[in-house]
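FYI, it's all coordinate maths here, none of it is from the lab. Quantities reported herein were computed from a predicted structural model and do not represent experimental measurements. Note that each Cβ is placed from the backbone with ideal geometry, even for glycine, and that neighbours are counted across all protein chains shown.
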Amino acid sequence: MVYFGMLLGGANAALANNPGGFTTLVTANVTTGTETYGNHTDYFLDNGILHVDVASNANAESIKYLKPGSSGTPSANGVQMISQSGVPTGGFGEHYYIYYYFYPDGSQDSAYLGTTTSGTNVDLGYKRTYNPATDLVAVDMEIHYVLGKGNTALYVYLVANHPTTYPLCNIAFIQMIWPTDWVWRIRRRV
């Protein structure tokens, strides 16, 4: 198996309480469940700082950040960290959600795998199982979104599994598109 990992910061360094991306200002446990987003149902993670909506095909559609110590909830009062209109210049085109893509296949056929709780962390898992009729990349691919109590960042990792019964293959590259709301970041510096 191959593991790929990435941390998505919910805020710039000036807003983090320490280099570990953890704060004791928010002591709420991570909650999870389903909710309506747009015209469909998403799974969510919420720890009182970040509220993350993930669609059934593993695309993260919304990440809202509420600065620790602020009133309200990240779902209702948080700042949207994913650009909902895309970045017209800068190479992101009109991407309006976070998704992963491994060439030459896409990832739109991923399905919800399950929710795992470990200590103070909650992990939403999604899996794309190799289908020889439609997929060229002979790999089972999982993506996981993990949020912990007091975390100011979302942890995301991929697991690539290639059983010996699968044909040989190459993965040219794996791409994760993370269109963040740069306008918000620029406004915060002014």
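The phi torsions of segment 49-63, fed into the Karplus equation with coefficients 6.51, -1.76 and 1.60 and a -60° offset, translate into couplings of 10, 10, 10, 10, 9, 10, 6, 5, 9, 5, 7, 7, 9, 7, 10 Hz, rounded to whole numbers, with Gly and Pro shown as x. From least to most packed, judged by other beta carbons within 10 angstrom and beginning with the fewest, H144, H40, H51 follow the order H40, H144, H51.
The Cβ shell under 13 Å around D42 holds other residues with a net charge of -3, Lys and Arg each +1, Asp and Glu each -1. Note that segment 162-171 has calculated 3J(HN,Hα) couplings of 10, x, 5, 7, 7, x, 4, 7, 10, 9 Hz, one per residue in order, obtained from phi through the Karplus relation 6.51 cos²θ - 1.76 cosθ + 1.60 (θ = phi - 60°); glycine and proline are x. Per-residue Karplus couplings for segment 131-147, computed as 6.51 cos²θ - 1.76 cosθ + 1.60 with θ equal to phi - 60°, are listed in order as 10, x, 6, 10, 9, 8, 8, 7, 9, 8, 10, 10, 10, 10, 10, 10, 10 Hz, Gly and Pro entered as x.
Using 0.36 nm per residue of separation minus the Cα-Cα distance, give me the extension gain between A133 and A76 in nm, one decimal.
On the way: separation 57, 0.36 × 57 = 20.52 nm, distance 4.33 nm.
Gain on extension, A133 to A76, equals 16.2 nm.
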